[in-house]
Amino acid sequence: EPREDEPMLDRYARLSALLDLRYDGSTTLSLDQAARKRGLDLLGSVGFKSTTPARVAIHPGNFKKFDNRWPEEKFVGLADLLMEDPRLALYFLAGPGEQTQVEAIARACKRPAPVLPQAPLQDTAAMLSYMSLLVCNITGTTHVAHALGLPTFGLYSGYTDAVWRPRNARCGGVVSTEWESCRSTGVDEAARALRAFLEGPA
């Protein structure tokens, strides 16, 4: 029986030990050249430029889980702050069934930000592989990005930080003071943590 705060990878490790299976907890997602080309073609349809110094994808999804997602208006506020940096290009990502909500968030920003085209998982991963960073609610996309080696910045509750956060220095984030919800985290708090993550260790 797992503890409430036991990391999911530790649960898998205990299960593997019980079954006498080899287990190292690592996740890797590899893309072939055909998938990477499809991803680049899809990005081209929204004006993607690989020469932009920092390309940031924002996935505000997980809309079905109210407490596990940062509010839409806070994503708008964070995006507006990020758009003040001329080195950044922002792109919104919508998961299956999320296009309408994500397009509404993108329209609410001070400046237009493109929403990446809907695509199968491998092609979505290929689009992410051209990004510099993923900013996200904690959902499957977090783990896809981690498996690609893409740095992530997540909006965590106490629970998702303890149980679901990938174990990698490239997986940053801000953790709510609440165990079950990340919704109380403020825009300025998230922006400060994100800037610190981007700047790296002093």
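The values are calculated or read from the model by the stated rules, or taken from the named source; none is laboratory data. Just so it is clear, the model here is predicted, and its values are computed rather than measured. Because the Cβ atoms are built from the backbone with ideal geometry, glycine has one as well, and the counts that use them run over all protein chains shown. Heads up: the accessible areas ignore ligands, DNA and RNA and are worked out on the full protein's heavy atoms, side chains in. Shrake-Rupley method; radii C 1.70, N 1.55, O 1.52, S 1.80 Å.
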key: Verdict on L40 being out of contact with any helix residue (DSSP H, G or I) (no Cβ under 9 Å at 6 or more places or on another chain) and either β-branched (V, I, T) or part of a helix (DSSP H, G or I) (or both)   = no
query = Which residues, taken from region 146-157, are touching a residue at least 60 places away in the same chain (Cβ under 8 Å) and crowded, with 24+ Cβ neighbours inside 10 Å?
reply = L155, S157
Residues of region 130-143 satisfying the condition of being touching a helix residue (DSSP H, G or I) at 6+ places or on another chain (Cβ under 7 Å) and either among the acidic types (D, E) or surrounded by fewer than 22 Cβ atoms within 10 Å (Cβ to Cβ) (or both) = Y130
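For every residue, the table says whether it meets (1) of a type in the set (K, R); (2) out of contact with any strand residue (DSSP E or B) (no Cβ under 7 Å at 6 or more places or on another chain); (3) modelled with pLDDT under 95.
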site	(1), (2), (3)
G77	no, yes, no
A104	no, yes, no
R107	yes, yes, no
P114	no, no, no
task = Return the total of residues in region 149-169 being of a type in the set (F, W, Y) and over 24 Å from A13 (Cα atoms).
result = 1
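When you go through S50, S16, S30, S26 one by one, which is the residue that is more than 16 Å from the chain's Cα centre (by Cα), of a type in the set (S, T, Y) and surrounded by 14 or more Cβ atoms within 10 Å (Cβ to Cβ)?
Numbers: S50 fails: surrounded by 14 or more Cβ atoms within 10 Å (Cβ to Cβ); S30 fails: surrounded by 14 or more Cβ atoms within 10 Å (Cβ to Cβ); S26 fails: surrounded by 14 or more Cβ atoms within 10 Å (Cβ to Cβ).
Being more than 16 Å from the chain's Cα centre (by Cα), of a type in the set (S, T, Y) and surrounded by 14 or more Cβ atoms within 10 Å (Cβ to Cβ) holds for just one of S50, S16, S30, S26, which is S16.
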query = Which one of the conditions (1) modelled with pLDDT of 95 or more; (2) open to solvent by 80 Å² or more (accessible area, probe 1.4 Å); (3) within 26 Å of G158 (Cα to Cα) does P60 fail to meet, given that it meets all the rest?
reply = (2)
request  = Enumerate the pairs (first residue in region 64-91 and in contact (Cβ under 8 Å) with a residue 12 or more places away in the chain and part of a loop (DSSP other than H, G, I, E, B); second residue anywhere and among the aliphatic types (A, V, I, L, M) and surrounded by 17 or more Cβ atoms within 10 Å (Cβ to Cβ)) with beta-carbon separation below 6 Å, excluding pairs fewer than 6 apart on the same chain, so at least 6 apart or on different chains.
outcome  = W70/L155
Top-ranked residue of region 172-186 - restricted to ones that are β-branched (V, I, T) and without any contact (Cβ under 8 Å) to a residue 24 or more places away in the chain, ranked as least open to solvent (accessible area, probe 1.4 Å) = V174
